[in-house]
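Reading through the structure tokens given below for one structure.
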Amino acid sequence: MAANQVGKTWSAGMEVAMHATGNYPDWWQGRRWDRATTGWVAGITGESTRDNVQRILLGRPGQFGTGSIPKTAIVDYSNTRGIADLVDTISVRHATGDISTIALKSYEKGREKWQGETLDYVWFDEEPDSDIYIEGLTRTNATNGMVFMTFTPLLGMSNVVRRFIIEKVPGTSVTTMTIDDASHYSDEQKAAIIGSYPEFERDARTRGIPAMGSGRVFPIAQGAIQCESFPIPQHWPQICGLDFGWDHPSAAVRMAWDRDADCLYVIATHRAREQTPAMFAAAVKPWGDWLPWSWPHDGLQHDKGSGEQLMAQYRAQGLKMLGVRATFEDGTNGLEAGVSELLDRMQTGRFKVFAHLSNWFEEFNVYHRKEGLIVKENDDLMSATRYAMMMRRFATTKSFKKPQAFNHQMPSPTGWMT
């Protein structure tokens, strides 16, 4: 999933040429076939397949052999009927001497045209409907083949995008590419391109982030809240937030608070699925055994096996869990209130996130509403961030020694779980 005009189609076209010819560069660490291959490549319509996929593989009409497939490797090609200059099949000489076959397809004729064949790979250029994607995937089952896609995610949180970003099906991977990665643009050109897009499409078209439009919970550009990491001053208090999970990941954030500017910084994150309290705590304890931890109401639930509260299990692993669940100072803990305060901070420059925390931005960019309600999926770090923000009044520094007055601020039992 990448920005417009940054080279994603060229990248896939070069990979198809490798698989068809069997000629791989020494640096290639991806999939290799030591035999001739059969693959399908496709665009949305016949015309777009011709103008994009075919152009990359063969070159423009009348110039075949100037694309990613070397002219000397092109054995033959056949034209399709009905669309001028559109090729139906390309025969390519493989390094073994056998013939690889590449068939050019489109989505417009529907799922039925994607049935029957057994393939080594499928390349979707632009996002297909989910039924066509699944048919393409099915074509590679018998060969243990592969499917890859190149697109700018203008359709937002579609079923296909959800598969990779939210469901994260085993064996799948997402590579993103932004306009900043495109060295063929000058800084002035990049600024002009970014400014030319409407704001609601800007992240999708220039950063490869699924377009959420008005459905985004935080309609803020990523660049507006990210900052480079820096050493945290010792006098800035810190606090952590923890969101419990199992089937969905458990998540933790470490937050620093510049009291003078009233600005919160997310400086570390951790997210992992199916981890026991012992495993998860071991991963975050290196942040500092002095850090206070905020947590949500489900931490009061008792484990069916041990009968021990979930929060207490993390406390037993050495995390300094606060004595009560995360609330605002008035005792409320509303989701919308927490989101509203975070959004206000983002809009006023009082909330920043270290730029290298890619898993945090992954959730931030797809956190969205459906029919006005926040979708509670892929929001684990967002939740942990909200809990830490709500309980920042109990943030402390490393040299902090607990005074009697600290307990006075906490509802009973005392602020620290000891």
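Distances between placed amide hydrogens fall under 5 Å for R369 paired with R216, V217, V375, all partners being 5 or more residues away or on another chain.
Calculate how steeply helix 8-21 sits against the longest principal axis of the alpha-carbon atoms of the chain, using the helix alpha-carbon long axis, and give the answer as 0 to 90 degrees to the nearest 10. That works out to roughly 50 degrees. Put in line by how crowded their Cβ is, counting other Cβ atoms within 10 Å and starting with the fewest, T37, T96, T396 read T96, T396, T37. Translational diffusion of region 8-180, estimated by Stokes-Einstein from the Kirkwood radius over alpha carbon pairs at 10 °C in a medium of 1.306 mPa s, is 96 µm² per second. Once divided by 2.2 N^0.38 Å, the Cα radius of gyration of region 227-408 becomes 0.99. The shape of region 160-225 comes out oblate: with a ≥ b ≥ c from the C-alpha gyration tensor, a/c is at least 1.5 while a/b does not beat b/c. Reported to the nearest whole Å, the Cα centre-to-centre distance from region 199-273 to region 85-118 is 44. To the nearest 10 degrees, how steep is helix 335-347 against the longest Cα principal axis of the chain, on a 0 to 90 scale? That helix lies at roughly 70 degrees to the long axis.
The tail of the calculated P(r) for region 56-104 beyond 18 Å holds 23 percent of all Cα-Cα pairs.
Taking a Cβ cut-off of under 15 Å around G145, the surrounding Lys, Arg, Asp and Glu residues balance to a net charge of -1, with basic ones at +1 and acidic ones at -1. For the chain, the mean residue ellipticity at 222 nm estimated from helices alone is -7000 deg cm²/dmol, where every DSSP H run of n ≥ 4 contributes -39500 (n - 2.57) and the total is divided by all residues, rounded to the nearest 500.
Think of the chain as having a plus end and a minus end, set by charges on the Cβ of Lys, Arg, Asp and Glu; of I99, A224, A3, A224 sits farthest toward the positive end of this dipole.
A Stokes-Einstein calculation at 25 °C with viscosity 0.890 mPa s, built on the Kirkwood radius of region 160-281 over Cα pairs, returns a diffusion coefficient of 138 µm²/s. The ranking of L373, L137 from fewest to most other beta carbons within 10 Å of each one's beta carbon is L373, L137. Determine the shape class of region 279-357: with a ≥ b ≥ c the square roots of the Cα gyration tensor eigenvalues, call it rounded for a/c under 1.5, and otherwise prolate if a/b is greater than b/c, oblate otherwise. The shape class here is oblate. A DSSP coil position with no more than 15 other Cβ atoms inside 10 Å describes the following GluC sites (Glu not before Pro) in region 298-398: E308, E329, E371. Within the set K190/K352; K320/K352; K285/K320, which residue pairs have Cα atoms separated by over 18 Å? Where the Cα-Cα span goes over 18 Å, the pairs concerned are K190/K352; K320/K352. Work through the residues other than D51 whose Cβ is under 10 Å from its Cβ and net out their charges, Lys, Arg +1 and Asp, Glu -1. So the environment of D51 carries a net charge of +1. The separation of region 360-401 from region 29-59, counted between C-alpha centres, amounts to 42 Å.
Amide H contacts of K352 (H built 1.01 Å from N, in plane; Pro and chain starts excluded): L264, Y265, V266 sit under 5 Å, all sequence-distant by 5 or more or on other chains.
Ranking of C240, C263 by neighbouring Cβ atoms within 10 Å, starting from the fewest: C263, C240. For the chain, the calculated P(r), taken from all Cα-Cα distances in 20 Å bins from zero up to the bin holding the longest distance, is 23, 44, 26, 7, 0 percent.
Across region 253-260, coupling constants 3J(HN,Hα) worked out from phi with the 6.51/-1.76/1.60 Karplus curve, θ = phi - 60°, read 10, 10, 10, 10, 10, 7, 4, 4 Hz, and Gly and Pro carry x.
FYI, it's all coordinate maths here, none of it is from the lab. This structure is a prediction, so every number in the text was calculated from the model and none was measured. Cβ: placed from backbone, ideal geometry, glycine included. Neighbour counts: every protein chain shown.
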